[in-house]
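Data first, discussion second: the structure below is written as structure tokens.
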């Protein structure tokens, strides 16, 4: 059966015009990755999309929820001069978003990456977010890249850049130290872990306004270290575009 479906898809794609898109939707409807029901062009149905844990009122600089909705910025960002100007994070990193992220990262389910990128693009457009001069994926170390086979941040950035017509600087920001996994480390150890792990290997200037792209932002130590390198390379404004933001349980 699977061979028949593959043959049919290949045949339709070779036909002139774009009518085969409609034919495929009718004959082989896309299924929602979360519930399995037909979902149309993207692999998430309307009902599951509506029930996703969308971010509410949050700090525009770090993406964490604001205790007081009227606040312009959270207390932590006021105390600590972050290098990030604005964080775009449409979703909270909890069920079922964690399933989509893990399917992309560890199972190479690219359809999950397309869903996350699509939701990120929708958020950028609907909230009139400033478009940067370039997107810069958060890099993996070459050893981890070899083991995993791909960089999920590049996948997200490539789709997002194509949809929003923003140039992609792949390979410009590099990681030359294979750091420990950040999970389980304290904030202090996280900062120490990534300090000096990245370097710039791109154009003389990355652009005045750039956006770092990653799948999940946890404490922000990795993207802040990346932002430090981008600042040194000449960027003036650095945003972070992530599919999801990890939020402390008490803040949800």
request  = Could you tell me which of the residues 135, 119, 91, 104 is under 21 Å from residue 165 (Cβ atoms) and in contact with a helix residue (DSSP H, G or I) (Cβ under 6 Å, 6 or more places away or on another chain)?
outcome  = 135
query = Within segment 87-107, is there a residue that is part of a loop (DSSP other than H, G, I, E, B), closer than 27 Å to residue 206 by Cα and in contact with a strand residue (DSSP E or B) (Cβ under 6 Å, 6 or more places away or on another chain)?
reply = yes
task = Give me the pairs, please: first residue somewhere in segment 133-148 and within 16 Å of residue 197 (Cα to Cα), second residue anywhere and modelled with pLDDT under 95 and surrounded by fewer than 14 Cβ atoms within 10 Å (Cβ to Cβ), beta-carbon distance under 6 Å, and either six or more positions apart or on two chains.
result = 141/178; 143/178
message = Regarding segment 128-146, can at least one residue be identified that is in a helix (DSSP H, G or I) and either under 11 Å from the mean Cα position of the chain (by Cα) or modelled with pLDDT of 95 or more (or both)?
response = no
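How about segment 58-79: which of its residues are loosely packed, with under 12 Cβ neighbours inside 10 Å and in a loop (DSSP other than H, G, I, E, B)?
Going through segment 58-79, the residues loosely packed, with under 12 Cβ neighbours inside 10 Å turn out to be 67-70, 72, 79.
Correct list: 67, 68, 69, 70, 72.
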task = Go through segment 29-44 residue by residue and tally those that are surrounded by fewer than 16 Cβ atoms within 10 Å (Cβ to Cβ) and out of contact with any strand residue (DSSP E or B) (no Cβ under 8 Å at 6 or more places or on another chain).
result = 4
message = Taking the condition of being touching a helix residue (DSSP H, G or I) at 6+ places or on another chain (Cβ under 8 Å), surrounded by fewer than 18 Cβ atoms within 10 Å (Cβ to Cβ) and in contact (Cβ under 8 Å) with a residue 40 or more places away in the chain, how many residues in segment 219-240 meet it?
response = 0
task = Identify the single condition in (1) at pLDDT 90 or above; (2) farther than 25 Å from residue 247 by Cβ that residue 16 does not satisfy, given that it satisfies every other one.
result = (1)
task = Please determine, by comparing only the residues of segment 45-57 that are part of a loop (DSSP other than H, G, I, E, B) and more than 17 Å from the chain's Cα centre (by Cα), which one is surrounded by the most Cβ atoms within 10 Å (Cβ to Cβ).
result = 45
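The values are calculated or read from the model by the stated rules, or taken from the named source; none is laboratory data. Bear in mind the structure is a predicted one, so any value in this text is a computation, not a measurement. Reconstructed Cβ throughout: ideal geometry from the backbone, glycine too, with neighbour counts over all protein chains shown.
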